[in-house]
Amino acid sequence: MVASKANANLTVMKKLLIFTLVMFAFGYALVPFYEKFCEVTGINNLLQADVLVEENWVDTGRWVTVELDANTTGLPWQFKPLQRSVRINPGEPVDVMYEITNNSDREINGQAIPSYSPRFLDKHLKKFECFCFTKQVLKPHETRQMPVQFVIEPNLPADIHTVTISYTFFELPDGSQAIRDQ
């Protein structure tokens, strides 16, 4: 009887070990399966800057000058791009920095709203990262540098050689949520 219990326990242990190995392999197999599923369905298909470059999406045959502008409305903030313009090839990922300083003695919530020139630029502009996506809270006399990462698609009309991206900061009342339509 003791021998049969030992054999039964050994059989159960073998089954559990095999089950554990199968589940471990299944867990590893799920990662590429999930990535392929997301690629096929478009779920979590974020536009990545390095993917654009790898796919030779950059139009090296022409240049576009992107002028950067920064404004505030009713805020005691100093807000400016660290460079006034960049010259790019359409399809080339771009990183620019803006700097903002709260010149007041109080904490202030703000939200940046973008505007573009020409008006239809938003159809050809894809932002990966932008401070305009979220509410910004600056402590008294705080200075912060904030990135914007974007690409202007190569299907921008060929007669457009200069575009402007402008951000205007507005004060948000305490407790309000960020406006997200960019």
Problem - Karplus (6.51, -1.76, 1.60) ³J(HN,Hα), θ = phi - 60°, over the range 118-134, in Hz, Gly and Pro reported as x - result: x, 3, 7, 4, 4, 6, 10, 10, 10, 9, 8, 9, 7, 5, 6, 6, 9
Problem - Kirkwood Rh in Å, taken over the range 54-172 so that all alpha-carbon pairs contribute - result: 15.0 Å
Completion exercise
Whole-Hz Karplus couplings 3J(HN,Hα) for the range 94-109, θ = phi - 60° and coefficients 6.51, -1.76, 1.60, Gly and Pro as x, run 10, 10, 10, 10, 10, 10, 9, 10, 8, 8, 9, 9, 9, 6, 10, 9
Practice task
For residue 98, enumerate residues with amide H under 5 Å from its amide H, sequence gap 5+ or separate chain, H modeled in the peptide plane.
Solution key: 82, 146, 148
Exercise for the section: Tell me the label-point distance for the pair residue 19, residue 63, using the 7 Å Cα-to-Cβ offset, in nm and rounded to one decimal. Expected result: 6.8 nm
Problem - Distant-in-sequence amide H partners of residue 135 (H built 1.01 Å from N, under 5 Å) - result: 178
Handout entry: Karplus 3J(HN,Hα) series, Hz, for the range 157-166 with 6.51 cos²θ - 1.76 cosθ + 1.60 (x for Gly, Pro)
Key = x, 5, 7, 8, 10, 9, 10, 10, 10, 10
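By the scheme Lys and Arg +1, Asp and Glu -1, what is the net charge of all other residues having a beta-carbon under 13 Å from that of residue 64?
Within the 13 Å Cβ shell, the charges total -3.
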Exercise for the section: Evaluate the distance, in nm, between pseudo-label points positioned 7 Å from the Cα of residue 1 and of residue 30 along their respective Cα→Cβ axes. Expected result: 4.3 nm
Fill in the blank from the handout: Hits in the range 57-77: amide N under 14 Å from the 7 Å Cα→Cβ extension of residue 127, namely 68-71
Exercise for the section: Provide the FRET efficiency to the nearest 0.05 for the residue 117-residue 171 pair, computing r from the beta carbons and using R0 = 22 Å. Expected result: 0.35
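Rule-based calculations on the coordinates, nothing more; no lab input. Because the structure is a prediction, the values reported are computed rather than measured. Methodologically, a virtual Cβ is constructed for each residue, glycine included, from the backbone with ideal geometry; neighbour enumeration extends over all protein chains shown.
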